[in-house]
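Data block below; observations after.
Laboratory data are not the source of any read-out in this text; all were calculated from the coordinates shown. In this text, all values refer to a predicted model and were calculated from it rather than measured experimentally. Neighbour counts are summed over all protein chains in view; Cβ atoms, including those assigned to glycine, are modelled from backbone coordinates with ideal geometry.
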Amino acid sequence: MSDQNTYTLVTGASNGIGKAIAENCAARGQNVLLVALPEPKLEEVAAALKEQYPTQSFDALGTDMMQKESPQEIYDWCKQNGYIVDILVNNAGLGNSGAFLSREASFYYGQMQLNMVSLVMLTHLFLEDMKRLPKTYVLNVASMASFYDIPYKGIYSASKRFVHSFSRSLRKELEATNIGVTILCPAAVLTNPDVIQRDKEMGKASKMTQQTPEEVAEYALARMYQGKAIAIPGFMPKVYKALGRIIPYSIQMRMLANAFIKQSK
Ligand SMILES: NC(=O)c1ccc[n+]([C@@H]2O[C@H](COP(=O)([O-])OP(=O)(O)OC[C@H]3O[C@@H](n4cnc5c(N)ncnc54)[C@H](OP(=O)(O)O)[C@@H]3O)[C@@H](O)[C@H]2O)c1
């Protein structure tokens, strides 16, 4: 549980895994700052938490994290309101599938900005303050995709590999400090209509890994508090990760291309 005056900040908290993490943190007695796009559902999630946990503090900031200035806006908002962040959950991210040239370059620019640049900038902004607190955590949301090169999902899987690699290095750099770094690598979590559709097209292989956002949130936070480097929720995703080490790369690539081309048709 956080100190009474500190906050957990969750990006992408209006839906899916981020919302489930925000709700789980609230249930653990934490104050929570919710960040997402400026849509009514963000305020609705914050209002529901305020109603359910009246003695705790919640606030919401709507901002487009694909914009360069957004991380600074989030940090300044915390400073101006006296919010001290002791848990930073970098969850906001955008997935997709399809042949590389099927999207405008601007789509990938925004995806990379959100999945990688904003995450790094936000971490850079908050770490200095977090160093001064007794015990703090960074939970970075990558994906099972971070373990593979995935045809028809290349920018997404590369962006998640970036998150994975950055988080592992940062964890090592900070191992003698009060800041724990954990990487969350979920497989299929049915969170939004796009993910649900893509998952349907993937068939059995994806169905076997399915988890609810609530299951993922509970597991991720437990691993984070245990000081673990990685959280891979569910049994099948762990099996897939192990297979990735055994199956030769060229066969892996053929299997992944076959699986993910289905999503792009
Ligand atoms: N779902 C999966 O199967 C799965 C698997 C592996 C990893 N992940 C990762 O888990 C994280 C959450 O995924 P999810 O499926 O829970 O996503 P989701 O249901 O689509 O929710 C994404 C959240 O991020 C917010 N968001 C989107 N674009 C944003 C932007 N430009 N600026 C600020 N906030 C923005 C959304 O706000 P709005 O609701 O207003 O759009 C929402 O709160 C992502 O990093 C994703 O890559 C997901």
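Given labels modelled 7 Å from the Cα in the Cβ direction, how far is it in nm from residue 81 to residue 149?
For residue 81 paired with residue 149, the spin-label model returns 4.4 nm.
Work out how much length residue 168 to residue 72 would gain on full extension: take 0.36 nm times their residue separation and subtract the Cα-Cα distance, in nm to one decimal.
Stretched out fully, the residue 168 to residue 72 stretch lengthens by 32.2 nm.
For the stretch 157-265, go through all pairs of different Cα atoms, get the mean of 1/r, take its inverse, and jot down that Kirkwood value in Å.
After inverting the pairwise mean of 1/r, the radius is 15.5 Å.
Describe numerically, in nm with one decimal, the distance between label points set 7 Å from Cα along Cα→Cβ at residue 225 and at residue 133.
The answer from the label model is 1.5 nm.
What list of whole percents do you get for P(r) of the chain, with Cα-Cα distances grouped in 10 Å bins up to the one holding the largest distance?
Spelled out bin by bin, the chain gives 7, 31, 37, 19, 6, 0 percent.
How high is the FRET efficiency from residue 247 to residue 176, r the C-beta distance, R0 30 Å, rounded to 0.05?
The formula returns an efficiency of 0.20 here.
Normalised by the residues of the stretch 32-146, what does the relative contact order come to in percent, with Cα pairs under 8 Å and at least six apart?
Across the stretch 32-146, relative contact order equals 28 percent.
With only Lys, Arg, Asp and Glu charged, each at its Cβ (+1 for the first two, -1 for the last two), find how big the charge dipole of the chain is about the Cα centre; round to the nearest 20 debye.
The dipole of the chain has a size of about 1360 debye.
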